[in-house]
Amino acid sequence: MTDTSGVSSGSAMSRPRGAEAAPEAAPVPGPGPGSPRPLFGGCWSCRLLSGAGLLMAAVWVYQGPRNAMKKGIAPSMGAIAQMTFAAGLASWAIVILADPVGRWQRREP
């Protein structure tokens, strides 16, 4: 049944337009949704470049409050937050370099 605006009503309204013509998608071969993929697709140079860049960024962020504390200035809340952020950057860099997800694969007996 069609109203004056040209929109049909009924059970066809529950489906998106063109849904009846869309074919079913074929399953993609490869690892399943539960299996971990290697970080950066297993590209060692990509991981090395990204991890080293993050590690150097962590050192650069950490140097600001460290230099102020060397001069005898008491650390403020902002300096402590900056040092905590630098520690987070460094741990992220270590995770990228070590790639713990790609290494833990179950061995078949």
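The values are calculated or read from the model by the stated rules, or taken from the named source; none is laboratory data. Quantities reported herein were computed from a predicted structural model and do not represent experimental measurements. Counting neighbours? That spans all protein chains shown, and the Cβs are built from the backbone with ideal geometry, glycine included.
When segment 23-70 is examined, which residues are found to be within 16 Å of the chain's Cα centre (by Cα) and modelled with pLDDT of 90 or more?
Correct list: Ser50, Gly51, Leu54.
Inside segment 66-83, can you point out the residues that are part of a helix (DSSP H, G or I) and either of a type in the set (A, V, I, L, M) or surrounded by fewer than 11 Cβ atoms within 10 Å (Cβ to Cβ) (or both)? Working first, answer last.
Going residue by residue through segment 66-83, those that are part of a helix (DSSP H, G or I) are 66-70, 77-83.
Those that are part of a helix (DSSP H, G or I) and either of a type in the set (A, V, I, L, M) or surrounded by fewer than 11 Cβ atoms within 10 Å (Cβ to Cβ) (or both): Asn67, Ala68, Met69, Lys70, Met77, Gly78, Ala79, Ile80, Ala81, Met83.
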